[in-house]
Every structure is written in structure tokens, then in C-alpha cells.
């Protein structure tokens, strides 16, 4: 089989923050282009493989970029309605069933909600504009 050195598909090793386009962009490269990249600072450790067809390179890039999902130590349980606390604007009334445009962030305890409220006050909100309600 004769190799076409003007159409090579390079697959690079992924880093921790790489996206698929960083591993393989789909464009062919030539032997001269690869040589210029080496002269510019590309190291052999950064190249995973070189393929002659884009399908092979694409398949390998997809395999490399798949990252396992890490499980967190503590399972996050949902907060049932009426058992959490949320921060609302002063015009929102509990008897109106908290009618707001978007769903608020709900905290497990009143202390967590008060901590979040303090952060909002540091960002420039006024205490008279906000209140904590059971949600």
C-alpha cells in the first residue's frame, strides 16, 4: 500500500482540559506541516497517533476523549417542598404560593440560607429587599 504523505491525520494526546477539537480537528496535515510543528515546539509525547484516513482518526479521538464520570462521595438528596429555605424579594408573599419567574435556590437549613443572604448583601443587595421563607 502506498502512503500519501500529503494527507496525514494527527491525533494528539488529550490533557485534563482538552476538548475533542484539541485532540482531532478533522483537517489533514502533510509531512512538511508536521515537521514545521516539531520545529515550533511539538514534542513526540504530545502526539498519540498518525492515521491515513479521517475515519480511523475520528474513531480514536472519540475513544480518547471519553472520560469516566467520577462519583462524588456524598449523595445529593433532593429537598422536599416545605422542608427547605429560599431567598425571595420582599414583594413575594408566602400566601401567593411564592409566585416568581424562576425557581429559587433552595437550602437545607435556615443557617445555609442566612449564609447565602450574607453573600448577596456583600454583592450589593439591600437587606430590606430580601427575605428568607420556608419553601
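The values are calculated or read from the model by the stated rules, or taken from the named source; none is laboratory data. Worth saying up front: this structure is predicted, and the values here are computed from it rather than measured. Every residue, glycine among them, receives a Cβ derived from its backbone with ideal geometry; neighbour counts consider all protein chains shown.
Quick notes
- Tally of residues being assigned to a loop (DSSP other than H, G, I, E, B) and at pLDDT 80 or above across region 62-107: 2
- For the condition surrounded by 15 or more Cβ atoms within 10 Å (Cβ to Cβ) and either modelled with pLDDT of 85 or more or not in a loop (DSSP other than H, G, I, E, B) (or both), residue 55 does not qualify.
- Looking across region 1-24 at every residue that is in contact (Cβ under 8 Å) with a residue 24 or more places away in the chain and more than 33 Å from the chain's Cα centre (by Cα), the one that is surrounded by the most Cβ atoms within 10 Å (Cβ to Cβ) is identified as 7.
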